[in-house]
Amino acid sequence: MIIVMKPNSKDEQVQEVCNVLKSLGLGVHISKGTQVTIIGVIGDKSVLTDVPIELFPGVDKIVPIMESYKLASRTFKPENSEIDVGGIKIGGKEIIVMAGPCAVESREQLLETAEKVQKCGAQILRGGAYKPRTSPYSFQGLEEEGLKYMAEAREKTGLKIITEVISEKSIEIADKYVDMFQIGARNMQNFHLLREVGKTKKPVLLKRGLSSTIDEWLNAAEYIMSEGNYNVVLCERGIRTFETATRNTLDISAIPVIKSKTHLPIIVDPSHATGKWEYVLPLSRAAIAAGADGLIIEVHPNPKCALSDGPQSLTPENFRELCDSIKDIANLLGRTFQGAVA
Ligand code: PEP
Ligand code: MN
C-alpha cells in the first residue's frame with residue numbers, strides 16, 4: 001500500500017508516520033514528488049489493523065497497490081525515474097544509445113568499434129564478455145580479458161560500458177570494470193542472480209525474458225529493487241511468437257504499457273528482436289516514436305566475420321545512418337539525441 005500525504009504536509013509529519021511504520025517492522029520508501037510525498041509500505045500490513053494511520057496529521061489517504069510488484073509500480077512512484085550511468089541519465093529527455101559488438105572478440109575489434117560508435121553519437125558501449133550461448137560449443141566470451149578491453153575503450157573514448165553478468169562470480173569481476181550490468185533474457189527469472197545484482201549499487205539493464213509477460217518482467221525488476229538497488233532500466237528485446245520470419249517478435253506495445261505501469265525507463269534492442277540487420281533501422285525508429293528512452297544496438301566492424309550474432313549486427317556506416325534517423329524522430333517528439341559528433 002501507499003500513504004499519500006497532503007500537499008502541504010510537513011517533513012516532521014512524514015517522519016512521524018515513517019517512524020510508526022518502521023517500529024512495526026514494515027519497510028518504508030519515501031517518494032518526494034513536486035506536488036505530494038508518497039510513503040510506500042512494504043511488508044505484512046496486518047500489523048496496521050489497530051493503527052489508524054489515516055488519522056495521523058498530514059496524511060491524506062491510503063491506497064492499496066494491486067500489483068504484485070510494489071517498488072517498481074507507478075502507483076508507488078508516479079514520477080519517471082532517471083537512472084544515472086556514470087553521469088549519463090537514462091529516462092530523461094535525452095535518448096540514450098548503447099552500441100557495440102555482441103561479444104568482445106579482441107582488443108582491436110573492440111577499440112575500433114568503440115571509436116566508431118562514439119563518433120556516431122552512442123553514449124554507452126556494449127560488449128559481451130560472458131556469453132550465454134544457446135549451444136555450449138559456441139564462443140563463450142573472453143571473460144575478464146574482455147572486460148579489460150572494455151575499460152580501455154572507456155579510457156580512450158569516454159563511453160560508459162555495459163556487460164552481461166551470468167553468475168555471482170561474473171558480478172564480482174565485472175563490478176571492478178563496468179558502469180552497468182546487463183541481465184540477459186535467459187536469466188530474467190534467475191531470481192538468485194537478480195538478488196545478487198540487487199545487492200550492488202550499480203545500474204542494471206534488465207532484459208525481458210524470451211517468453212515472459214510484462215507482469216513477470218516487472219516482478220523480476222522488483223527482485224532487484226527489493227534488495228535496495230533501485231537503478232533498474234528495462235529492455236524490450238522481442239518475445240517468442242509463432243512468427244519465424246524474424247528471430248523474435250518485437251513487442252512495441254510493451255513500451256506504452258511499461259510507461260503506464262512503472263516509473264522505470266525502458267530501452268529497446270531491435271538487434272536481438274529481429275535477428276536481421278536490415279530490420280534494425282525501421283524498428284529503432286518505431287521504438288523511439290513509441291516512447292522508448294533509448295536503444296541498444298549490435299555493431300561490428302566486419303559483421304561477416306563476427307563470432308556471434310553477425311547477421312543482426314550493423315556496420316559502423318549503417319549505425320551512423322540509424323543515429324541520424326533517430327535524432328530527427330527524437331526532435332519531433334520534443335526529445336534530444338546528440339547524434340554524430342565527428
Ligand atoms: C545480448 O545482448 O548479447 C544478448 C544475449 O541478448 P538477450 O539476452 O536479449 O538474448
Ligand atoms: Mn547478441
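We did not get these values from a lab; they are worked out from the coordinates using the rules stated. The model shown is predicted, which means the values in this text are computed figures rather than measured ones. Here Cβ is always computed from backbone atoms with ideal geometry, including for glycine, and neighbour counts include all displayed protein chains.
Table for the structure above
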{"quantity": "Relative contact order for segment 2-63, counting Cα pairs under 8 Å that sit 6 or more residues apart, in percent", "calculated": "49"}
{"quantity": "Stretchable slack from Val51 to Lys10, in nm (0.36 nm times residue separation minus alpha-carbon distance)", "calculated": "12.7 nm"}
{"quantity": "Ranked packing of 113-123, 47-57, most packed first, by mean Cβ within 10 Å", "calculated": "113-123, 47-57"}
{"quantity": "For segment 83-332, convex hull of alpha carbons as volume per residue, Å³", "calculated": "113"}
{"quantity": "Between helix 107-120 and the chain: long-axis angle, C-alpha atoms, 0 to 90°, nearest 10", "calculated": "70"}
{"quantity": "Euclidean distance between Cα centres, segment 75-108 to segment 303-339, Å", "calculated": "15"}
{"quantity": "Label-to-label distance, nm, for residues given as Phe191 and Asn302 (7 Å Cα→Cβ offset)", "calculated": "4.7"}
{"quantity": "Built amide H within the under 5 Å cut-off of Val232, gap 5+", "calculated": "Val204"}
{"quantity": "Rounded to 5, percent antiparallel among DSSP beta bridges of the chain", "calculated": "40"}
{"quantity": "Nitroxide proxy distance, nm - points 7 Å out along Cα→Cβ at Asn80 and Thr34", "calculated": "1.2"}
{"quantity": "DSSP-assigned coil residues among chymotrypsin sites (Phe, Trp or Tyr not before Pro) in segment 98-194, each with at most 14 further Cβ atoms within 10 Å", "calculated": "Tyr137"}
{"quantity": "Residue-averaged 222 nm ellipticity for the chain, from DSSP H runs of 4+ at -39500 (n - 2.57), nearest 500", "calculated": "-9500 deg cm²/dmol"}
{"quantity": "Extended-chain gain in nm, criterion 0.36 nm per residue less alpha-carbon gap, Met66 and Phe242", "calculated": "60.2 nm"}
{"quantity": "Nearest-ten-degree value, helix 280-289 long axis tilted from longest Cα axis of the chain", "calculated": "20"}
{"quantity": "Calculated FRET efficiency for the pair Thr249/Leu111, C-beta based, R₀ 35 Å, to 0.05", "calculated": "0.50"}
{"quantity": "Computed E for Lys276/Ile42 - FRET, C-beta separation, R0 56 angstrom, nearest 0.05", "calculated": "0.80"}
{"quantity": "Between 0 and 90°, nearest 10: helix 144-157 axis offset from the chain longest Cα axis", "calculated": "90"}
{"quantity": "Simple label model, 7 Å out from Cα along Cβ direction - Ser135 to Glu317, nm", "calculated": "3.1"}
{"quantity": "Mean separation of Cα contacts under 8 Å (6+ apart) over length of the chain, as relative contact order %", "calculated": "16"}
